[in-house]
Amino acid sequence: MRKYLGMVGFLVVVAAIVVGVAFALNAFAFIPAPYAPAASSDGVTVKEDVFPFAPCTDPDFTKTHPEYAQCRPNYNSQYVLYSEPEIVVPAHTKVTMVISNYDSTSSLVNNYFLKPQGVDGGVINVDGQQMDTIDPTVVSHTFVIHGIVSQKQPWLYVGVPITGVPDSAKTDDAGMPDQPIVTTFTFTTGAPGVYAWQCFVPCGVGFNGFGGPMGTDGYMNGSFTVK
Ligand SMILES: [Cu+2]
């Protein structure tokens, strides 16, 4: 009997540890809900906003953008981020991406990303202007969708430089620019697959700028699911 009780006690302790760890992992995780905009006859429009810091911490900004009033749980408010890390789009569908960037310029570390790749016509639209290449000194991020190697899905590669807001632009008290720079482009999805998207500008912190938001899920990277 004593042995039996000891066993029950042991199992209770193990269960408590498992529940505790699961709770801790969930509490520290940064897992926003998947973003799956509805498709129309003209395809699907995916909107991303890029921020230099958490917009929920900026009262001037949330006054005009109430959709950002609520902070995400366990979110590092100092990190640069894309607003939608988990993107879901339909297969065999035209995708229009509209990326509104509120972050300032930094610089590209190589010229590979100057030319838009994998997009219709090889061009992007930046604040109303068609561009087939970008000045490397005005880029602040890139939006790159790439494959996770698998024989079960087709390749998908899209690579676009994202222009930053000039330092001279008007900002609110917290430093958020009044107007973003808007980059728009289109491409068409193939068969279903799961891909990753990432920024490749070292816009983070730590060694070579590749730490912090560059190395943490959900800020400068995420998933791009075609289904
Ligand atoms: Cu970035």
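Observations on the structure shown:
- Residues (of a type in the set (S, T, Y) and without any contact (Cβ under 8 Å) to a residue 24 or more places away in the chain) located in the stretch 117-152: T133
- Search result, residues across the stretch 141-160 that are of a type in the set (A, V, I, L, M), under 16 Å from the mean Cα position of the chain (by Cα) and away from the ligand (no atom under 11 Å from the Cβ): I145, V158, V160
Residue by residue, here is whether (1) within 11 Å of the ligand (Cβ to nearest atom); (2) part of a loop (DSSP other than H, G, I, E, B) holds:
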{"site": "I162", "(1), (2)": "yes, no"}
{"site": "T183", "(1), (2)": "no, no"}
{"site": "A196", "(1), (2)": "no, no"}
{"site": "P202", "(1), (2)": "yes, yes"}
{"site": "T216", "(1), (2)": "no, yes"}
{"site": "Y219", "(1), (2)": "yes, yes"}
{"site": "F224", "(1), (2)": "no, no"}
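- The one condition from (1) of a type outside the set (D, E); (2) within 12 Å of the ligand (Cβ to nearest atom); (3) more than 16 Å from the chain's Cα centre (by Cα); (4) closer than 13 Å to I99 by Cβ that G209 does not meet is (4).
- Filter result (within 18 Å of the chain's Cα centre (by Cα) and touching a residue at least 60 places away in the same chain (Cβ under 8 Å)) within the stretch 188-201: W197, C199, F200, V201
Laboratory data are not the source of any read-out in this text; all were calculated from the coordinates shown. As the structure is a prediction and not an experimental result, all values here were calculated from the model. All Cβ positions, even for glycine, are placed from backbone atoms using ideal geometry, and neighbour counts span all protein chains on display.
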